[in-house]
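Colleague: Take a look at this one; I'll ask things after.
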Amino acid sequence: MRLFYENYPFFCVFISLLCGILTTLIHDGKKARALTLAMLAVCAVLNGVVCFSTAARGVSFTYSMGAFPAPWGNELRSGPVEALLATVFCLVMGFSLLGGEADLKEDILPEKQNLYYIMMDLLAASLFALCFTNDMFTGYVFIEINTIAACSIVMAKDSGQTIVATIRYLMMSLVGSGVFLFGVSMLYTITGHLLMPSLFPAVTRLFRTGAYQYPLAVLAGMMCVGLAVKSALFPFHTWLPTAHGSATTASSAVLSGVVLKGYIILLIKVMCRVFTPEEIGSLGVGSVLLVLGACAMIYGSIWAVREPHAKRMIAYSSVAQVGYIYLGLGLCTTAGMAAAIFQIIAHAFTKPLLFVSTGGLIDASGHQKKLYYLRGAGRRCPMAGVGFTVGGLSMVGLPLLAGFVTKLVLGRAALAEGIPSWQMILSLTAIAISSLLNAWYYLPAILQIWKGGEAPAGPGGEAYVHGPYEACLSFRIAVVCMSVVVVLLGCFAQPLMELITRGVALL
Amino acid sequence: MDINAILQMLHANRFEAASVILFVVGLGGMLFNRSLFKKVVSMGFMDSAIFLFLTSAGYVEGRLAPIIADPAVTATMEVYSHPLPAGLVLTGIVVSVSFTAFGLALTQRLYKKYHSLNIDEIMMQAQKSED
């Protein structure tokens with residue numbers, strides 16, 4: 001007898017696709033927005049129920065679509081980790097939409113507002129599918145849906161800059177998905193399977209017999225590189241700062257917080273459910289991911305230090321934070337995976353908080369985007385200032401905030417027994433240098449927004465700031481909720497880490 | 001290994017070899033061409049290469065498409081080639097076509113705005129208009 005909650009993953013994908021279709025009929029932006037937010041709330045509850053039920057029983061389950069049995073039919077699968085991540089994604093998307101409301105109204109034409117929410121619905125559907133899918137080709141198809149929706153929300157603010165950013169994003173994404181698809185095709189021609197449960201024994205057998213060793217290394221590399229390009233791992237990150245820095249606030253928040261993570265989840269599934277982490281390590285792919293992750297952590301921070309544009313600075317910080325995730329994955333151990341998943345959740349809340357608060361600070365400074373003009377913005381809009389401070393300090397790694405726990409669990413995973421010493425030294429050095437660099441650019445930015453005195457004037461002496469700024473209610477709700485979650489993640493990380501560790505074992 | 005053996009191996013894997021060459025041509029074109037239009041065309045090359053690779057995996061020389069025209073004849077598996085890769089390729093083609101359309105629409109938009117197809121020139125102009 002199937003337990004009823006096992007239907008929920010399918011419901012989530014279905015509801016979000018259905019909302020996307022219904023939204024095409026709604027021409028009123030406000031109603032479309034309400035529908036999308038309601039859909040996200042419902043999906044968050046459904047995924048939360050799945051997470052708690054599976055975690056309480058310590059099980060994972062498979063849901064065969066249309067009741068076709070395994071080798072023919074398509075399957076969804078969920079355990080605590082997948083459902084937890086899906087819940088996080090719903091919440092973050094909802095908060096980002098709430099927090100970016102003011103900018104959305106300004107940046108997008110009123111008659112096109114509903115189109116923006118269609119893309120959000122599709123994005124949610126593809127993220128759920130990436131979380132829950134058990135089939136490589138379905139994964140590929142939803143990667144592409146995700147890409148097209150993500151590109152559309154970048155170009156929603158219809159300026160020359162954003163269209164240029166979109167086309168660069170599109171080209172890099174297509175390179176990534178092409179390489180990934182080629183890897184999947186090779187795996188399919190070797191094993192004859194696309195479903196992960198059937199692939200796993202086939203790949204294990206290949207490793208045991210030692211057959212097809214080079215093709216396996218090549219295709220594992222291609223899948224990892226393909227997904228790494230899409231999730232902006234150094235040196236494939238070149239598209240990210242312009243795309244995330246120039247889009248409207250809600251888009252930047254969703255892209256940085258959620259979209260990058262969708263691809264990483266598929267990568268985690270490939271590493272755990274098609275191969276095993278040890279096999280990926282033995283192919284040498286793990287070491288490559290580790291080194292690139294460490295480079296990203298340092299390189300992204302260096303560029304963030306040099307960036308005068310506030311949103312682009314935060315976007316470069318995303319490059320560094322994605323590096324943390326890949327560092328955890330590259331260790332190729334269960335602890336490393338768990339640390340990477342914790343970082344996914346921590347960053348999913350912290351980065352949108354930063355983007356949303358920066359959006360508020362920029363609005364309070366007469367739409368000036370350079371950090372120089374944000375002087376005293378925290379005093380003009382205290383809510384945004386507090387959000388930025390909490391997010392920035394979390395990125396630096398202040399104890400009791402989410403970013404600190406990430407660094408702690410990553411460091412612990414790197415110090416575990418069985419990790420080669422060069423990997424251990426590289427990881428710890430990268431974490432140390434990156435934290436230092438984070439402090440170097442976040443602390444001055446935080447001081448800058450709380451500075452007193454007159455707001456800076458433009459080059460011609462013109463004043464950008466006219467009177468005090470009143471943030472709208474939804475912005476306040478979003479910033480308060482995300483700040484609270486960042487603090488909670490930092491203070492009560494232990495139960496969550498236990499849940500993740502048990503969930504990774506069930507993957 | 002002598003040249004004959006290599007040639008024989010290439011002949012036996014001619015579809016795979018052709019698709020890898022096409023794939024690299026497409027990938028290089030997407031990364032290094034400066035013209036947006038050529039980038040979109042290169043994307044088509046890359047996707048076609050993957051489709052060639054997949055279809056050749058399902059195709060068996062001398063076998064038929066798995067369609068039972070006459071219900072009276074009992075079907076045996078040995079007569080037919082593998083239909084699943086063709087299904088995958090169909091899905092892939094749909095994805096590829098929609099991305100080509102999206103890419104071309106963006107290119108057209110940029111051309112109307114900046115009167116150029118060269119990505120470097122467009123980026124320079126966009127940068128200027130921002131400052």
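All of the numbers you see were taken from the coordinates with simple rules; none came from a lab. Source: prediction; values computed, not measured. Neighbour counts are summed over all protein chains in view; Cβ atoms, including those assigned to glycine, are modelled from backbone coordinates with ideal geometry.
Colleague: Tell me the relative contact order for chain A as a rounded percent, counting alpha carbon contacts under 8 Å between residues six or more apart. All intermediate terms of the calculation are to be shown ahead of the outcome.
Modeller: Numbers: 891 pairs, mean separation 77.9, N = 507.
Over chain A, the number comes to 15 percent.
Colleague: Using alpha-carbon pairs under 8 Å, 6+ residues apart, how would you state the relative contact order of the stretch A:46-178 in percent? Intermediate results must be reported in sequence, preceding the final value.
Modeller: Numbers: 126 pairs, mean separation 28.0, N = 133.
Worked out over the stretch A:46-178, it gives 21 percent.
Colleague: Across bins of 5 angstrom width beginning at 0, how are the C-alpha pair distances of the stretch A:145-235 distributed, in whole percent?
Modeller: 3, 13, 19, 18, 13, 11, 9, 6, 5, 2, 1, 0
Colleague: Next question. Scan around residue B:80 for amide H atoms under 5 Å from its own, H built in the peptide plane at 1.01 Å from N, and keep only partners 5 or more places away or cross-chain.
Modeller: Amide H neighbours of residue B:80: B:64.
Colleague: I need A:237, B:115 ordered by Cβ neighbour count within 10 Å, fewest first. Write out the running numbers ahead of the final one.
Modeller: Details: A:237 24, B:115 10.
In order of increasing Cβ crowding within 10 Å: B:115, A:237.
Colleague: In chain A, what is the count of Lys pairs whose alpha carbons are under 14 Å apart, counting only pairs at least 8 residues apart or on separate chains?
Modeller: For chain A, the number of qualifying lysine pairs is 12.
Colleague: Could you go through the stretch A:217-231 in sequence order and give the Karplus-derived ³J(HN,Hα) for each residue, using 6.51 cos²θ - 1.76 cosθ + 1.60 with θ = phi - 60°, rounded to whole Hz, and x for Gly and Pro?
Modeller: 4, 5, 6, 5, x, 5, 5, 5, 5, x, 6, 5, 4, 6, 9
Colleague: Can you compute the FRET efficiency between residue A:34 and residue B:101 using 1/(1 + (r/R0)^6), with r the Cβ-Cβ distance and R0 = 41 Å? Round to the nearest 0.05.
Modeller: On the way: r = 31 Å, r/R0 = 0.75.
Once rounded, the FRET efficiency stands at 0.85.
Colleague: Still on this model: How fast does chain B diffuse by Stokes-Einstein, in µm²/s, taking the Kirkwood radius from C-alpha pairs at 4 °C and 1.567 mPa s? Mind dumping the intermediate values first?
Modeller: Working: Rh = 18.1 Å.
Using the Kirkwood radius from Cα pairs, D works out to 72 µm²/s.
Colleague: Here is a further query. What's the exposure ranking of B:47, A:103, A:28, going from fewest to most Cβ atoms within 10 Å?
Modeller: Least to most surrounded, the residues fall as A:28, A:103, B:47.
Colleague: May I pose another question? Quick check: the distance between the Cα centres of the stretch A:262-303 and the stretch B:55-93, to the nearest angstrom?
Modeller: So the separation of the two Cα centres works out to 38 Å.
Colleague: Using a 10 Å cut-off on Cβ to Cβ distances, tally the other chain neighbours for every residue of A:181-191 and report the average as a whole number.
Modeller: The shielding value for this peptide is 5.
Colleague: For the protein assembly as shown, what is the per residue volume of the convex hull drawn over the alpha-carbon atoms, in cubic angstrom?
Modeller: On the way: hull volume 110.9 nm³, N = 638.
Considering the Cα atoms of the protein assembly as shown, their hull volume per residue is 174 Å³.
Colleague: In whole Hz, with x marking every Gly and Pro, tabulate ³J(HN,Hα) for the stretch A:382-392 from phi via Karplus 6.51 cos²θ - 1.76 cosθ + 1.60, θ = phi - 60°.
Modeller: Per-residue couplings from phi come out as x, 4, 5, x, 5, x, 5, 5, 4, x, x Hz.
Colleague: Which of the listed residues, A:506, A:302, A:22, is farthest toward the dipole's positive end in chain A, when Lys, Arg count +1 and Asp, Glu count -1 at the beta-carbon?
Modeller: A:302
Colleague: Give me the one-decimal nm value for the distance between modelled label points at residue B:76 and residue A:451, 7 Å along each residue's Cα-to-Cβ direction.
Modeller: For residue B:76 paired with residue A:451, the spin-label model returns 8.6 nm.
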